[in-house]
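So the structure is just underneath, and the comments pick up after that.
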Amino acid sequence: MGSRPRRAAGLLGRPAGSGRTAGAHPGVGGPGGPWFAPALASAEPTDPRASLYGRITPVVRRPVAEAAPGRPVLGMADAVVLNDPVAGQGANTAARCAAVYLRAVLERGEDGPFDEDWMRDAFERFWSDHARHATAYTHALLGPPTEHALRAMAAAGRHPEVARRLGAGQEDPSTLADWWYSAEATDAYLAEVSGGGR
């Protein structure tokens, strides 16, 4: 091997040889971005035809199945709520699902019963508390950014509070529900942060 540094393929949406980021995820590289952003700042594709492709069909499945007659099983995380990995919510969702299910087990106690109704209730808590928000966040990142999302990302460069809030949304997408998904709510929040202007 030569002394040429290794380059990551397709990172940060950078076209080969452009020297610019052409569509980076809002959480990468800006204020409040992840700790590894500086390491990726000069990343370039490995060759002019390098790219990253993939396809996941998001799906929400029934949470309870039968392993054998009369033996229900409760699915969790990606087994029941599968999202595209674009938002990086897989491990986050699995950990939160485990926490919700553990809380449900502890509340029920060792005498149970851990029947299908209990399983459905446990899943509904997981869906309500976390999975629906992770799903909405993921879907928002699958298409081109909306105009109000672009305004929010631009504001994050000027207002650390907005950058922190976007970063918090990566960890806990439920924190985005009251402002990120509608133009009116986003603009109202940005006006509040900037003292009335954008």
- How many nm is it between the label spots at E184 and R120, if each spot is 7 Å from the Cα in line with the beta carbon? 3.5
- Message: Starting from the 7 Å offset along Cα-to-Cβ, what nm value, one decimal, do you get for the label separation of H139 and A79?
- Response: 2.5
- Query: How would you rank 135-145, 100-110, highest first, on the average number of other Cβ atoms within 10 Å across their residues?
  - Reply: 135-145, 100-110
- Query: Taking R0 as 35 Å, what's the FRET efficiency between A65 and S194 from their Cβ-Cβ distance, rounded to 0.05?
  - Reply: 0.10
- Message: Can you tell me the length gained on complete extension of the stretch D111 to D47, counting 0.36 nm per residue apart and subtracting the Cα distance?
- Response: 17.0 nm
- Correct semi-axes for segment 59-142, from √(5λ) of the alpha-carbon gyration tensor and rounded to whole Å with the largest first, are 25, 14, 9
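FYI, it's all coordinate maths here, none of it is from the lab. What you see is a predicted model; the values in this text were computed from it and never measured. Heads up, the Cβs are rebuilt from the backbone with ideal geometry, glycines too, and the neighbour counts pull from every protein chain shown.
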